[in-house]
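No value in this document is a laboratory result; all are computed from the given coordinates. Just so you know, these numbers come straight off a predicted model, no measurement behind them. Using ideal geometry, Cβ is built from the backbone for each residue, glycine included, and neighbour counts are taken over all protein chains shown.
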Amino acid sequence: GCGTWQYIRDKCDSVLSSCRYIIMSASSTAVPEKRDSKVKESDLSTAKRKKMMVKEVRAHQQLITEIEFEWLRQWCIQGQRHARLHPFWHRPIERLQESYKQLERFSLIAIQILKDSSMTVEKKTPGVSE
């Protein structure tokens, strides 16, 4: 019922807003340079941002899986007759489909951010080749 819909709707809203955070903070996640094995204060904040980004990307991917396997596939498997019997769910399912599409777009962006980040590491790390 409604409580179930509120749960997944709120979870989508929360993760989608954190995806925006990932994109905004991605430009400031440069890899810190090593100097005399001492960690500078600015490096700690960079490390914390990266750790937060990993946590957010993980939550984002878990939500994609939950929406796909526990919501959208189930809705489709149950068929048209089930859909006619439960008209209340039409709009929520449409919203979930749109959230899923947005999450997929953010996945592509996150992949690009990770690729760019790995290129930055390769450039800054001596002896690392492509």
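Things worth noting here:
- Placing pseudo-labels 7 Å out from each Cα toward the beta carbon at ALA83 and LYS50 gives an inter-label distance of 4.6 nm.
- Pairwise FRET efficiency - ARG91 versus PHE69, Cβ, R0 = 22 Å, nearest 0.05: 0.55
- Stretchable slack from GLN102 to GLN61, in nm (0.36 nm times residue separation minus alpha-carbon distance): 13.6 nm
- ASP10 paired with ILE111, simple spin-label distance in nm, labels 7 Å along Cα-to-beta-carbon: 3.3
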